[in-house]
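Notes follow the structure.
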Amino acid sequence: MEKDFLEKVLIDEEEIKEICKRLGAQITEDYKDKNLLVVGVLKGSVPFLTDLIRNIDLECELDFMAVSSYEGTQTSGRVAFKKDLDINPEGRDILIVEDILDSGLTLSYLKNVLAVRNPASVKICTFLDKPANRKAPLTAEYVGKTIPDEFVIGYGLDYNEKYRNLSYVGVLSPKIYAE
């Protein structure tokens, strides 16, 4: 497959494995005496979430939420709620798992939605943190890697639903979205 859509590889498969192992060990330690509910944010978190939970050595339950705030390469500023939890979060220690913390609008919204449901705690684990675009005052308790202000694809991250299946994280060539 031609890679004319790719400007450069930012995080290769080996670094992804190291990030998941490090975060999994940290989460295992921090949640060892807690009632952990891991909440994946669809669709982008799926590859990271899958690798992450394989590295968490605890009993935990898994559920999903789906929201969207992107149109093309820009956040729309509006969060659309598409799927809610199936498991009741009351009294649970919730760990929201996301592919990227960018503007913070989506995760801030989700954290607020979950906080009013009487959980024991709500924390965020993000594979990537892009603080340059932050619009909401939000930080993640667990961060895989902080990245510069570039449009990234792969390992769950998409551009108009494409490129999620890449086994690495790359920077999308501007010629793709400038058309």
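Per-structure values
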{"quantity": "Net charge of Cβ neighbours under 15 Å - reference N35; Lys, Arg +1; Asp, Glu -1", "calculated": "-2"}
{"quantity": "Amide H within-cut-off set for L6, under 5 Å, with H built and near neighbours excluded", "calculated": "S173"}
{"quantity": "DSSP bridge pairs, the chain: antiparallel proportion in percent, nearest 5", "calculated": "35 percent"}
{"quantity": "Model label zone, D57; criterion: amide N under 19 Å from point 7 Å along Cα-to-beta-carbon; scope region 6-38", "calculated": "17-36"}
{"quantity": "Under Karplus coefficients 6.51, -1.76 and 1.60, residue-wise ³J(HN,Hα) of region 82-97 in Hz, glycine/proline x", "calculated": "10, 8, 9, 5, 9, 9, 5, x, 4, x, 8, 8, 8, 10, 7, 10"}
{"quantity": "Amide proton proximity set for I100, modelled H, under 5 Å, gap of 5+", "calculated": "F127, L128"}
{"quantity": "Positive-pole candidate from L101, V113, L62, dipole of the chain, charges at beta carbon", "calculated": "V113"}
{"quantity": "Dipole moment magnitude, nearest 20 debye, the chain about Cα centre, only Lys, Arg, Asp, Glu C-beta charged", "calculated": "440 debye"}
{"quantity": "Table column - 3J(HN,Hα) (Hz), region 29-43, Karplus curve with 6.51, -1.76, 1.60, x for Gly and Pro", "calculated": "5, 5, 10, 4, 10, 10, 9, 6, 10, 8, 10, x, 9, 6, 9"}
{"quantity": "Apportionment of accessible area to carbon and sulfur, the chain, percent (1.4 Å)", "calculated": "47 percent"}
{"quantity": "The chain, accessible area per residue, ligands and nucleic acids excluded (1.4 Å, Å²)", "calculated": "50 Å²"}
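The values are calculated or read from the model by the stated rules, or taken from the named source; none is laboratory data. Just so you know, these numbers come straight off a predicted model, no measurement behind them. Here the Cβ is made from the backbone with ideal geometry for all residues, glycine too, and neighbour counts use every protein chain on show. Side chains are part of the model used for accessible areas, which takes the heavy atoms of the whole protein and leaves out ligands, DNA and RNA. Shrake-Rupley method; radii C 1.70, N 1.55, O 1.52, S 1.80 Å.
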